[in-house]
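Here is the structure we will look at, set down as structure tokens.
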Amino acid sequence: MVKITALCSELPGPLEPSHGFGLLIDDALLFDSCSVEAAVQFVRRSSVRPRLGVVGVAGNEHHIGGFKVFNVPVVEPRFDMGISLGGRRYEVLHEGRENLLYTDGVVVSPCGLFTIPYHKLSQRGVKARCVVGGLGGSSYNPYLLHRVVAELKLLGVRCVVALHTAPQLVKELERRLNVYKLGAGSTIEV
């Protein structure tokens, strides 16, 4: 099981909703960090502190702005790499403009815009039971939906934790998969 806590989300949870992406994984690894405001809100309400940060989407303040709030070492991979932290192995998959994280059959995608619809993960031979994060859609597009669903099938995905994904795309996926929505500050184990 992989423990996922959303630092920020468009959905309300224990914290106020905000735009951006940042996840605390297994209470140790910070994968992207939301905006500074969202990170400050999280730090005020949570006693959990990560040990390492990994950049998913470089150069976007809604993804990396909060790293300075946590005061942890931050890695910005420019190629595939493995990280061992707290007895768990994390694989960082570098794909063009974004990095994805893979651990214990779970893929974490900051936006997926450049990977999921283009079958980048299945081409690598990745198999996953769950995808967490962005699925590569910023607005509803029937062509895009077909490509996203096809990639999820090729990966063997049975569940999706939809964050930073167009609501229309999430609605369509709810008909086909187990879809979970995570509010800001909420935690799920997948």
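Along the charge dipole of the chain, pointing to its positive end and built from +1/-1 on Cβ of Lys, Arg, Asp and Glu, which listed residue (Cys159, Phe42, Val108) has its Cα farthest out?
It is Cys159.
Which of the peptides 102-111, 79-88 is most tightly packed, and how do the rest follow, judged by the mean count of other Cβ atoms within 10 Å per residue? If you can, show how the numbers build up before the last one.
Values: 102-111: 22.9, 79-88: 11.8.
Packing proxy ranking, top to bottom: 102-111, 79-88.
Measuring from label point to label point, each 7 Å out along Cα→Cβ, what is the Arg175 to Arg45 span in nm?
3.4 nm
For the chain, what is the accessible area per residue in Å², given a 1.4 Å probe and the full set of protein chains?
Values: 8540 Å² over 190 residues.
Per-residue accessible area for the chain comes out at 45 Å².
Relative to the longest principal axis of the C-alpha atoms of the chain, give the angle of the C-alpha long axis of helix 36-45, reported between 0 and 90° and rounded to the nearest 10°.
Tilt relative to the chain: about 70 degrees.
Which residues' amide hydrogens lie under 5 Å from the amide hydrogen of Leu52, considering only partners 5 or more residues apart or on another chain, with H built in the peptide plane?
Amide H neighbours of Leu52: Leu30.
For His19 and Arg89 in one chain, what is 0.36 nm times their gap in residues minus the Cα-Cα distance, to one decimal in nm?
On the way: separation 70, 0.36 × 70 = 25.20 nm, distance 2.89 nm.
Full extension from His19 to Arg89 adds 22.3 nm.
Determine by what factor the alpha-carbon radius of gyration of segment 75-190 differs from 2.2 N^0.38 Å, reporting the quotient. Please report the intermediate quantities before stating the final value.
Values: Rg = 13.5 Å, N = 116, 2.2 N^0.38 = 13.4 Å.
Ratio of Rg to 2.2 N^0.38 Å for segment 75-190: 1.01.
Heavy atoms only, probe 1.4 Å: what % of the accessible area of the chain goes to carbon and sulfur, would you let me know?
Numbers: 4360 of 8540 Å².
Summing carbon and sulfur atoms, their accessible area is 51 percent of the total for the chain.
Using Cβ-Cβ distances only, list the Cys residues of the chain with no partner cysteine under 4.7 Å, sorted by number.
Cys111
Note the angle between two axes, namely the Cα long axis of helix 142-155 and the longest principal axis of the Cα atoms of the chain, as a number of degrees from 0 to 90, rounded to the nearest 10.
80 degrees
Which whole-number percent is the relative contact order of the chain (Cα, under 8 Å, 6+ apart)? Mind dumping the intermediate values first?
Values: 466 pairs, mean separation 44.5, N = 190.
It rounds to 23 percent for the chain.
Quick one: if the Förster radius is 41 Å, what FRET efficiency do Asp27 and Tyr143 give, using the C-beta to C-beta distance and rounding to 0.05?
On the way: r = 39 Å, r/R0 = 0.95.
That gives a FRET efficiency of 0.60.
The values are calculated or read from the model by the stated rules, or taken from the named source; none is laboratory data. All of these numbers come straight from a predicted model, not from anything done at the bench. Positions of Cβ are generated from backbone atoms using ideal geometry, with glycine treated the same way; all protein chains shown enter the neighbour counts. Keep in mind that these areas ignore ligands, DNA and RNA; they rest on the heavy atoms of the full protein, side chains included. Shrake-Rupley method; radii C 1.70, N 1.55, O 1.52, S 1.80 Å.
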